[in-house]
Amino acid sequence: GALLDTALQLEPHNAMIQDSKGWLEFRLGRLPAARALLETAFAALPDAEIAAHLGEVLWQLGEQDAACKVWRLGLGSDPDNTALQATLKRLKVKL
């Protein structure tokens, strides 16, 4: 956590750092904070791995339609991304 906070202070607009911090927030159960960070990261860099993370947060928040939309966008950029494929499989989501 502390290293990610420092990295985010040094590079506040780095989407990959925002993604890492957002995923940590998710793992700690802080879904609103996770969502904010991951939405910012995905807007800056619509990467399939960020899509996997953001979609899972949205899914856990009960926003399945929004999650599926994000996942479809992620698949569009990288259909074979292992993180995204693993997330869909684990949550038993068919797009």
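The values are calculated or read from the model by the stated rules, or taken from the named source; none is laboratory data. All of these numbers come straight from a predicted model, not from anything done at the bench. Here the Cβ is made from the backbone with ideal geometry for all residues, glycine too, and neighbour counts use every protein chain on show. Please note that ligands, DNA and RNA were not included when accessible areas were found on the heavy atoms of the full protein model with its side chains. Shrake-Rupley method; radii C 1.70, N 1.55, O 1.52, S 1.80 Å.
Numerical summary
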read-out	value
All aspartates and glutamates inside 19 Å of K69 as judged from Cα atoms, apart from same-chain residues fewer than 8 positions distant	D19, E39, D47, E49, E56, D78, D80
Selection of trypsin sites (Lys or Arg not before Pro), the stretch 39-95, meeting DSSP coil and at most 16 other Cβ within 10 Å	K92, K94
Dipole magnitude of the chain, debye to nearest 20 (Cβ charges: Lys/Arg +1, Asp/Glu -1, about Cα centre)	420 debye
Surface share of carbon and sulfur [accessible, 1.4 angstrom probe, percent] for the chain	56 percent
Most mobile of L45, L58, L37 in a GNM of the chain (Cα contacts under 10 Å)	L45
Distance histogram in 10 Å bins (all Cα pairs of the chain, percent per bin)	19, 52, 26, 4
Extension gain, Q64 back to Q85 (0.36 nm per residue minus Cα-Cα distance, nm)	5.9 nm
Probe 1.4 Å, protein heavy atoms only - accessible area per residue of the stretch 17-67 in square angstrom	45 Å²
Computed [θ] at 222 nm, deg cm²/dmol, the chain (DSSP H ≥ 4; -39,500 (n - 2.57); rounded to nearest 500)	-23500 deg cm²/dmol
